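Everything on this sheet refers to the single structure shown next.
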Amino acid sequence: MLIRVTPRHAIPSSEVTDESVYRNRREFLRQAGLLGAAVAGVGLPRLARAMDGAGPQGQGPGKLGAVAMGEDLRKDLTDWGDVTSYNNFYEFGTAKDDPAPNARAFRVKPWTVKVDGLVKKPADYQLEEFMKPHRLEDRIYRHRCVEAWSMVIPWRGFPMADLVRRVEPLPSAKYVEFTTLMDPKQMPGQRFPVLDWPYTEGLRLDEAMHPLALFVTGVYGTDLPNQNGAPLRHVVPWKYGFKGCKSIVRIRFTDREPATAWNKAAAHEYGFYANVNPGVDHPRWSQKRERIIGGIRSKATLMFNGYGDQVASLYAGMDLAKFY
Ligand code: MTE
């Protein structure tokens, strides 16, 4: 996402890497001892890339049965290979095909999630305890990246609202902040100041309570591969993908709008709300259309990523060009 382009370039701006990011990336790969592997990987055939998505135990997709929401999108599902090998997870590198190989050895067990801030029931949960009362369901959601590409993904998770009710926010709580694990030993990207680590994201409390907002532990009927944010991430389908924080270790309730990683990196490009909006261009490219990953065509982007009927009322009276 940190990319600079010349305006007349024939390649979509979202595909062009700025030299400083490129250099950072090479330095990152060199220090992580990955440069040879990455160079060797250039031009690998499609099959080899799909295998990169396999995850630690050679994981493949599970069986996707009935879905609780989004059945109409089943015909548009993005392939498992693309979902698990074309990723943004800067803790494991800045290129789309970095996270799958670089996160292979990432340890997601044991995993602790801290819930704190303005709540009646703060706690440090082992992931198993965190999950225990919640019933997982499969939902197929549209996934629109701010870089003007999209996928359709069958997530497995539970409504964020269930967790919010369980920990009982105080009346003063207005926002929720999410934080990714900070562990430069395991996450080589954190050894470089690409973002202000650890990655943080935030939602207004009413957004977090919306029935579409999910805590996610799986995809395609199986556990999340590491590159997709194992063991716990969140997904808010009417917002650009960067609002979904991966590998969450902390959920904090607060009365102030949380600072977020991409907003800190480039405030004029990545706002707090980040609602999908074809009417508000990114300063460096249009948001009107989206490239479909794995498909041959692009398509028109829908307001709120097609979830406007469900979520538009959250923003009634707000100027969405100002609060982008
Ligand atoms: N979370 C962390 N911790 N680090 C990241 O770099 N990238 C974000 C988001 N969450 C990111 C992150 C961006 S830009 C996107 S588009 C989505 O994760 C990508 O999720 P996916 O790789 O599962 O498609």
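The values are calculated or read from the model by the stated rules, or taken from the named source; none is laboratory data. Predicted, not measured: the structure shown is a model, and the values here were computed from it. Neighbour counts are summed over all protein chains in view; Cβ atoms, including those assigned to glycine, are modelled from backbone coordinates with ideal geometry. Only protein heavy atoms, including side chains, enter the accessible area calculation; ligands, DNA and RNA are left aside. Shrake-Rupley method; radii C 1.70, N 1.55, O 1.52, S 1.80 Å.
Tabulated results
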read-out	value
Any hit, the range 235-256, residues being more than 18 Å from Met160 (Cβ to Cβ) and surrounded by 15 or more Cβ atoms within 10 Å (Cβ to Cβ)	no
Within the range 285-301, considering residues that are part of a loop (DSSP other than H, G, I, E, B) and without any contact (Cβ under 8 Å) to a residue 60 or more places away in the chain, the one nearest to His268 (Cα to Cα)	Lys288
The range 83-128, subset touching a residue at least 60 places away in the same chain (Cβ under 8 Å), among the small types (Gly, Ala, Ser) and more than 16 Å from the ligand (Cβ to nearest atom), residue surrounded by the fewest Cβ atoms within 10 Å (Cβ to Cβ)	Ala105
Test: residue in the range 285-295 that is more than 25 Å from Tyr86 (Cβ to Cβ) and open to solvent by 40 Å² or more (accessible area, probe 1.4 Å)	no
Qualifying residue in the range 237-257 (condition: in a loop (DSSP other than H, G, I, E, B), of a type in the set (A, V, I, L, M, F, W, C) and within 26 Å of Ala66 (Cβ to Cβ))	yes
Residue selected from the range 255-271 under the condition in contact with a strand residue (DSSP E or B) (Cβ under 7 Å, 6 or more places away or on another chain) and not acidic (Asp, Glu), by the criterion farthest from the ligand (Cβ to nearest atom)	Arg256
Set Arg135, Arg139, Arg74: member being more than 27 Å from Val164 (Cα to Cα), of a type outside the set (Asp, Glu) and away from the ligand (no atom under 14 Å from the Cβ)	Arg74
